[in-house]
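I have placed the structure first, in the form of C-alpha cells, so that the comments after it can refer back to it.
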Amino acid sequence: MRSVALAAFATVSAACSQFPCVDEAGAHRVEPLSFEYSMPARYTYWFQDGAQRVVFGRDEVPSTARHAVLVHLPERTAPDLHGPVGWYADVSGDAPQAQLVPMATVRARAYAAWSGDWAARWMAVNAAVTVARQDLRDDPPPAPDPEPQSGFEKFHGELFDEGISLDEVKLQRAVRAIGAQRPAPRDFGISLDIHPAWLFVDAGCDACDAAEAWLDETGVRYHRLDIQDPSNAGALRAVSATAAVEPAVPSLWRGAWVTQGFSKDAYAR
C-alpha cells in the first residue's frame with residue numbers, strides 16, 4: 001500500500017479554502033521514515049561546488065556529502081525532488097531515517113558539511129607549509145649547481161637564494177588550490193538567514209492572525225507561507241500527512257513537530 005507521505009504530494013487541485021481554520025491548538029509529531037541501505041533508493045547529494053548528483057547506492061555518495069542527502073524511497077516518498085520540502089537523511093552511519101524538512105535546511109546542512117571539510121583541509125595544508133619552512137631553517141637544502149644547465153636548475157637556484165624550498169612552493173600552490181575550492185552559500189542556493197519555523201496561514205483566519213501577532217511580539221523567526229500559493233498548499237499537505245492529521249491553518253511547523261491552531265501556551269511549548 002502506498003504511503004500517506006507519497007499521497008500527500010499529489011497534485012493540489014482542490015481550492016485552498018478547503019483547509020479549515022482551527023482555534024484549538026494541538027501538537028503532532030512529524031514522523032520519520034526508517035529504511036535500510038539494502039533497499040532500493042535514490043540518493044541526491046550536493047558536491048563541494050554546490051552541484052547536485054544523483055546515485056542509486058549509498059556507497060556512491062562521497063563521505064562528506066553523506067551528512068545531507070535527499071532520499072527517494074519507491075512507494076514511500078514522492079519521486080519529485082523539487083519544491084519547498086524534501087526527504088532528508090544523514091546516511092553517514094547506521095539505521096538511517098528520512099525526515100521531511102524544508103529544502104533550505106538540507107542545503108544548509110550540505111553546505112556546512114563541505115565547509116567543515118574545506119576548513120580541515122585548509123588548516124592541514126597551512127600546517128604543512130609551516131613545517132616545511134621550519135625544516136628549511138633547521139636543515140637547509142644543498143646549494144644548487146652554480147652553473148645551471150637547465151631552466152629548472154636556474155629556478156631552483158633562484159628559490160635557494162630567496163630561502164625558499166621546492167617543497168614549500170608546492171605547498172603554497174596547494175594552499176591556493178584549496179582556497180579556490182571554498183564552498184559558498186550561493187552555490188548551494190541558500191541564504192544564511194534560514195527560518196527555523198514555518199507558519200502556514202490563510203486570509204480571513206483569525207487564528208492565523210493571532211499566531212502571526214504572537215510570533216512577531218515574541219521575536220520568533222519564522223517563514224510565513226500563504227496557502228493560496230499551490231506550492232505552499234502542497235507543502236502543508238505533505239507535512240500534515242507525515243503527522244497523520246488533516247491539513248489545517250494555522251499550522252506551525254518546526255523540527256519534528258507541527259502545531260495546528262493557536263494558543264499562547266501551545267506556541268510557548
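Computed from the coordinates by the stated procedures, all read-outs in this text should not be read as laboratory data. Since the structure is predicted, the reported quantities are computational estimates derived from the model, not experimental observations. Backbone-built Cβ (ideal geometry, glycine too); neighbour counts: all protein chains shown.
Grab the beta carbon distance between A244 and D94, set R0 = 25 Å, and tell me the FRET efficiency rounded to 0.05. Don't jump to the answer; show the numbers that get you there.
On the way: r = 27 Å, r/R0 = 1.07.
So the FRET efficiency works out to roughly 0.40.
With the alpha-carbon atoms as the only input, what is the per residue convex hull volume for region 15-60 in Å³? Before the final figure, lay out each step's value.
Working: hull volume 9.2 nm³, N = 46.
In region 15-60, the Cα convex hull volume per residue is 200 Å³.
At 0.36 nm per residue, and after removing the present C-alpha to C-alpha distance, how many nm does the segment from Q172 to K264 gain when stretched out fully?
Details: separation 92, 0.36 × 92 = 33.12 nm, distance 5.78 nm.
Computed gain between Q172 and K264 is 27.3 nm.
Need one number: nm distance between label points at V54 and S34, each 7 Å from Cα along Cα→Cβ, rounded to one decimal.
Between V54 and S34, the simple spin-label model gives 2.9 nm.
What does the convex hull of the Cα atoms come to per residue for region 194-250, in Å³?
So the per-residue hull volume is 85 Å³.
Fewest to most neighbouring Cβ within 10 Å: what's the order for F35, F47, F262, F19? Intermediate results must be reported in sequence, preceding the final value.
On the way: F35 20, F47 15, F262 28, F19 23.
In increasing order of surrounding Cβ atoms, one gets F47, F35, F19, F262.
Can you sort S263, S34 so the residue with the fewest Cβ neighbours within 10 Å comes first? Let's see the in-between values first.
Working: S263 17, S34 9.
Least to most surrounded, the residues fall as S34, S263.
Exactly which GluC sites (Glu not before Pro) in region 34-114 are in a DSSP loop and have at most 10 other Cβ atoms within 10 Å?
Numbers: sites: E36, E60, E75; in loops: E36, E75.
Hits after loop and neighbour filter: E36, E75.
Between E217 and Q181, what's the calculated FRET efficiency when r is the beta-carbon distance and R0 is 45 Å? Round to 0.05.
Values: r = 44 Å, r/R0 = 0.98.
The value I calculate is 0.55.
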